[in-house]
1. If you scan the stretch 208-258, which residues turn out to be more than 30 Å from E119 (Cα to Cα) and in contact with a Lys or Arg (Cβ under 9 Å, 6 or more places away or on another chain)?
2. For N356, work out the one condition from (1) buried (at least 21 other Cβ atoms within 10 Å of the Cβ); (2) of a type outside the set (A, V, I, L, M, F, W, C); (3) within 25 Å of L9 (Cα to Cα) it doesn't fulfil.
3. Give the number of residues within the stretch 249-271 that are buried (at least 17 other Cβ atoms within 10 Å of the Cβ), within 21 Å of the chain's Cα centre (by Cα) and of a type outside the set (A, V, I, L, M, F, W, C).
4. Could you say which residue among I62, I74, I89 is in contact (Cβ under 8 Å) with a residue 40 or more places away in the chain, surrounded by fewer than 21 Cβ atoms within 10 Å (Cβ to Cβ) and part of a helix (DSSP H, G or I)?
5. I'd like to check something: does the stretch 35-48 contain any residue that is touching a helix residue (DSSP H, G or I) at 6+ places or on another chain (Cβ under 9 Å), over 24 Å from Y317 (Cα atoms) and at pLDDT 90 or above?
6. Looking at the structure I just gave you, is M114 hydrophobic (A, V, I, L, M, F, W, C), surrounded by 19 or more Cβ atoms within 10 Å (Cβ to Cβ), under 10 Å from E246 (Cα atoms) and in the same structural domain as L273 (by TED's automatic domain parsing)?
7. Taking the stretch 152-197 only, how many residues are within 15 Å of F232 (Cβ to Cβ) and aromatic (F, W, Y)?
8. Quick check on my filter: what residues within the stretch 5-23 are surrounded by fewer than 17 Cβ atoms within 10 Å (Cβ to Cβ) and modelled with pLDDT under 90?
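The values are calculated or read from the model by the stated rules, or taken from the named source; none is laboratory data. Remember, predicted model here, so these are calculated numbers, not experimental data. Heads up, the Cβs are rebuilt from the backbone with ideal geometry, glycines too, and the neighbour counts pull from every protein chain shown.
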Amino acid sequence: MSCLYKYWLKEFTKFFLIIQVMILVVFVFVDYLSRMEKFINSDLTLFGALGYVLLKVPFMFIQLTPASILLSSIIVFGLMNRNNELVAIRSSGISAYFLIKPAIFAGIALAMLMFFLGETIIPISMSKANYIKYHIIKKKNNIFATREDIWIKSDSKLIHINFFDPVHQSVAGVTITSLRKNFSIKSRIDAQIGSYKNGRWIFENIIEQIHTENTLDYDVNLYDKKYIPLSFKPDDLGEVSKKSNEMSFFELKKYVKKVEQEGYDATPYKVDLNGKIAFPFICIIMVLTGAATGMRSFAKENIPMAIAVGVVIAFMYWIMYGFCLSIGYGSILPPFVSAWAANAFFLCFATLYLINTE
């Protein structure tokens, strides 16, 4: 590795760590202080509340990494531009693109780090953080979720949900068992699907079995649609259900296969599955975009302006990436296309931007 490569990587690493640490420290303080009232009203101690906030730091690290890469790359190339180091490199007969190699190397390394954290630490930390949030802070202990399904204790009802679709706010494979005071079965309702509309649950394709007390007889009724009053809402199910960020790539892939085998729509999870590969790839795009911005003539005179341009680019990426995922959740685009569309667009943009810079 040449001295120039070592110099660039050293400077990039320094600024990347500074930016990441500053943003994460601000996140910890803001998140901790903004939730102080909820922490005090819960069973968490203030030290335990800090632990809850820190559990989310690995997830925030990978969410902030692309923006930090972009800003660090802009700053390093901008300072080299201001100090005429890029001019010295060009005057030596070396193209400024010579420094793109270590930049791409750094992007690949950080992309691999993001994927590694997403496969190891983040599923565990986010699972614990979500458990604390729902069961200790919000004190909703009547809903329990496993990786396979959801169990709910609501008044005198015991409810089992086989599948919850967080995008369409619907459920499938629902069993509602009503109990008497002596815990004997009063009735059982099996519904194929259910949706939450106008503040109430409406279920379809229902089989209702009503037990006659002190006998072994059941009255069986069939309904195409029926309103059933329940105390929980889709938001409650969304908070407690197993989320994509609580599963590794291979766990999520296995879960998608299970959902499809049971005949349910796994589109949202397919989008998230492709996103687990697509999102780390943005590190390479951001480092190229940052290099092109830092090499620009305006960056030599005004580095803060170059940083502002970088912030705008990062913001545009987040908007487009989120929009593409949303239309993927809605089945407008195939999962693979929705997860990679923003990357494809910004890769073309970064390449053309970099070529035009030289």
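1. Within the stretch 208-258, E208, Q209, I210, H211, E213, Y218, Y227, I228, P229, L230, S231, F232 meet the criteria.
2. (1)
3. 5
4. The conditions single out I89.
5. No, every residue in the stretch 35-48 fails to be touching a helix residue (DSSP H, G or I) at 6+ places or on another chain (Cβ under 9 Å), over 24 Å from Y317 (Cα atoms) and at pLDDT 90 or above.
6. no
7. So the answer is 2.
8. Answer for the stretch 5-23, where residues must be surrounded by fewer than 17 Cβ atoms within 10 Å (Cβ to Cβ) and modelled with pLDDT under 90: Y5, K6, Y7.
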